[in-house]
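Read through the structure below, which is laid out as structure tokens, and then see the notes.
The values are calculated or read from the model by the stated rules, or taken from the named source; none is laboratory data. The shown structure was predicted, so the numbers you read here are calculated from the model rather than taken from an experiment. Note: ideal-geometry Cβ built from the backbone for every residue, glycine included; neighbour counts use all protein chains shown.
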Amino acid sequence: MNWLIFGLAAYLLIALESGLGTLLSGTGLAPSLTLILMVFIGLGGAPMTVAWAALVLGILVDLQPTTGAEAILGPAAAGYLVGAYAVIQLRHLLFRDSVLTLAIMVFVVGLFVNLTEVAVYSFRGLSFLAADPMEGWSAFDQLARRFVQLISSAVFALPVGWLLFRLKPVWGFGAGVRAERMY
Amino acid sequence: MSHRHLNSRRVLFALAGLLLINSQLGTKYATAVGGPLAAMLDTVLGPASFIIGGFTQKIRQPPGPLRYDNDRDLAVVIADRDKALVLVEELRSRVQPLEEEVARLKRAREHFDYSGVRIVDARVLSFNDSHTNPILTIDRGSRDGIGPRMSVELDSNLVGIIETVGPRTARLRLLTTEKAFRVRITPADPDAPVYQLEEIIHRRPDRQSYQLDVNRNGPGAVGDYAFLADDTRVFPDESRSRIVGRVSKIEDLPQDPLLKRLVIRPTLPLTRLAKVSVLVPVASDEGGGL
């Protein structure tokens with residue numbers, strides 16, 4: 001994979017995501033464009049490349065926290081890694097070059113990502129750990145909001161995915177990708 | 001499996017493990033690495049966020065198009081025009097008291113205490129839509145003299161406080177993040193009997209408004225102003241006496257008929273602000289001065 005293109009795409013999508021957050025504020029419908037990018041790379045990249053890209057995107061999401069003003073590195077990074085593992089396991093069953101596949105996978109993989117992220121944040125509230133509980137945290141509330149956001153992300157995956165698939169040649173995904181496994 | 005591939009996998013798992021451990025540390029330690037990195041990312045994203053954020057703010061409330069068929073009868077058009085003129089007059093009569101109130105508030109602003117502070121105007125780069133803790137990122141940072149826990153307002157209406165600061169950007173925590181604080185409620189109507197009710201208001205489950213239970217026959221009416229009390233410990237001293245919100249409605253309490261509940265909403269649409277002002281204490285700002 002061409003990491004320069006990855007950097008550019010990540011930069012643009014994160015900036016666009018924050019812009020859409022402003023546009024759709026209060027609706028809870030702001031999509032996760034980084035998740036769409038991760039799934040797109042997951043469908044085409046080599047397993048280790050997908051894992052690294054997911055980790056980088058997860059860290060970038062952690063640095064733009066939605067749960068507190070302070071950036072705690074880890075929850076989204078772990079979530080995106082689990083999501084990368086899920087997409088690598090599932091992609092052999094799918095027709096990968098379809099935008100519809102991308103949209104469906106955004107929803108499915110997003111479930112793994114968000115469940116992991118909410119779980120990691122919720123663990124902070126456990127008494128035997130050193131972490132402070134998140135202020136105003138409600139796992140059920142978070143899951144409900146993230147589920148709505150996932151639907152929005154899946155819908156946004158159609159136009160964004162179409163654009164990404166059009167630019168697929170410049171991404172430089174290798175031809176021998178399909179035979180590789182992460183473990 | 002090649003040596004390089006194996007090493008890459010080991011590094012990946014080690015990094016993931018470290019991040020997982022980091023996520024379970026106390027906030028002070030967990031944010032030690034993330035804080036500076038987040039400030040750097042905000043700086044890098046600043047130009048793009050500014051352009052996209054500005055663009056989305058412009059398209060957020062597009063003016064409604066005027067639709068009119070060309071084949072309509074002139075008499076119908078004239079009748080519609082007359083109806084529109086009546087509506088315009090009605091709107092004017094509604095706008096007039098609002099303009100008077102705006103003028104009164106502008107006059108009142110002269111009474112707000114801005115001594116000892118320097119006002120730094122900032123634009124909102126992005127809004128992070130979060131139910132638990134919504135955050136605004138602004139285009140001013142430590143290079144402009146902004147530091148943590150500084151008060152942020154707009155036209156004497158309290159917006160929130162600065163949470164984290166980077167060289168050119170800062171993140172602020174909105175007023176509605178606070179669970180409870182002390183306010184002073186005063187009547188908006190100049191003809192109403194003068195009173196000052198100083199009590200602690202508590203955030204409602206919607207996280208966008210506050211409530212206060214008072215005696216049913218006591219003061220408190222729709223439209224009354226809630227100012228931040230002087231002895232608040234939640235907000236910095238510079239934000240004293242700033243407008244927190246207005247009483248938007250009064251609810252009955254079936255379980256206690258002797259009380260009524262004042263619902264207080266912020267006067268500003270906090271999640272849709274395009275600009276804010278940061279109150280920088282002059283003492284903490286070396287290049288300061290009003």
Legend entry - Hey, B:Arg149 surrounded by 21 or more Cβ atoms within 10 Å (Cβ to Cβ), charged (D, E, K, R) and more than 10 Å from chain A (Cβ to nearest Cβ) or not: no
Legend entry - Any chance B:Ser49 is assigned to a helix (DSSP H, G or I), modelled with pLDDT of 80 or more, among the small types (Gly, Ala, Ser) and closer than 29 Å to A:Leu73 by Cα: no
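Here is a yes/no grid of residues against (1) at pLDDT below 90; (2) more than 9 Å from chain B (Cβ to nearest Cβ):
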site	(1), (2)
A:Asn2	yes, yes
A:Gly7	no, yes
A:Ile14	yes, no
A:Val56	no, yes
A:Ile59	no, no
A:Gly74	yes, no
Inset, instruction - Collect the residues in the range B:1-28 that are facing chain A (nearest Cβ under 7 Å) and farther than 21 Å from A:Tyr85 by Cβ, keeping them in residue-number order. - result: B:Leu25, B:Gly26, B:Thr27
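Residue check: is A:Gly176 part of a loop (DSSP other than H, G, I, E, B) and at pLDDT below 85?
Against the criterion (part of a loop (DSSP other than H, G, I, E, B) and at pLDDT below 85), A:Gly176 does not qualify.
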Inset, instruction - Note down all Cβ pairs under 6 Å where the first residue falls in the range B:187-208 and is surrounded by 16 or more Cβ atoms within 10 Å (Cβ to Cβ), the second is of a type in the set (Lys, Arg), and they're at least six residues apart or on different chains. - result: B:Arg203/B:Lys179
Inset, instruction - At least 2 residues that are within 24 Å of B:Tyr114 (Cβ to Cβ) and at pLDDT 85 or above in each: list the strands (runs of 3 or more DSSP E) lying fully within the range B:205-290 that qualify. - result: B:225-228, B:243-252, B:275-281
